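The values are calculated or read from the model by the stated rules, or taken from the named source; none is laboratory data. Computed from a prediction, not measured in an experiment: that's the story for all the values here. In this analysis, Cβ positions are derived from the backbone assuming ideal geometry, glycine residues included, and neighbour counts consider all displayed protein chains. Just so you know, the surface numbers come from the protein's heavy atoms only, side chains and all, with ligands and any DNA or RNA stripped out. Shrake-Rupley method; radii C 1.70, N 1.55, O 1.52, S 1.80 Å.
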Amino acid sequence: MASNQGGWINNVTRLAIYQRDGMACVWCKRGIECKGVILSLDHIVCVSSVGSTNAASNLITCCKQCNEQRGTKSVKEFAFIIKRNDDNAKNLIRKIKYHLNKPLDRAAAKAAIASRA
């Protein structure tokens with residue numbers, strides 16, 4: 001289930017980010033097909049940090065559980081916690097950078113939202 005958490009980002013952009021990231025948490029890979037998973041957005045540069053933005057280039061899809069566990073930990077710190085060893089953490093960080101560089105398909109997201117209305 002995807003979450004609509006307030007008005008800080010519009011629904012088209014939120015869905016486009018979810019779609020860019022395969023409708024699954026970038027951290028743990030659990031997606032909407034998993035029972036009880038609630039998707040949210042995670043700021044790469046934490047909201048509490050200087051330089052944080054709500055731009056798509058600073059947001060990845062994550063499940064509520066990973067978002068809460070990460071808190072204000074850096075991407076590197078949390079990647080190591082999730083993956084438990086340096087090689088896997090580096091691969092996860094590369095994957096996150098890959099997702100952030102993929103363009104958003106706002107037209108597809110807008111069409112998906114319109115089809116539900």
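Structure notes:
- Length released on extending from MET23 to ASN54, taking residue separation times 0.36 nm less the Cα-Cα span: 9.3 nm
- Label point distance in nm, SER115-ASP87, each placed 7 Å from Cα along Cα→Cβ: 4.1
- Distance in nm between pseudo-label sites at CYS34 and LYS95 (7 Å out along the Cβ direction from Cα): 1.1
- Of the residues VAL47, VAL75, ranked by 1.4 Å probe accessible area with the largest first, the sequence reads VAL47, VAL75.
- For the range 39-117, a Kirkwood radius taken over Cα pairs fed into Stokes-Einstein (10 °C, viscosity 1.306 mPa s) yields D = 114 µm²/s.
- In this structure the chain gives 58 Å² per residue of accessible area when probed at 1.4 Å with all protein chains present.
- Additional length obtainable on full extension of the chain from GLU68 to LEU104, 0.36 nm per residue less Cα span: 10.5 nm
- Unit charges on C-beta of K, R, D, E only; dipole of the chain, Debye: 180
- Cα-based shape type of the range 1-84, given that a ≥ b ≥ c are square roots of the gyration tensor eigenvalues and the cut on a/c is 1.5: oblate
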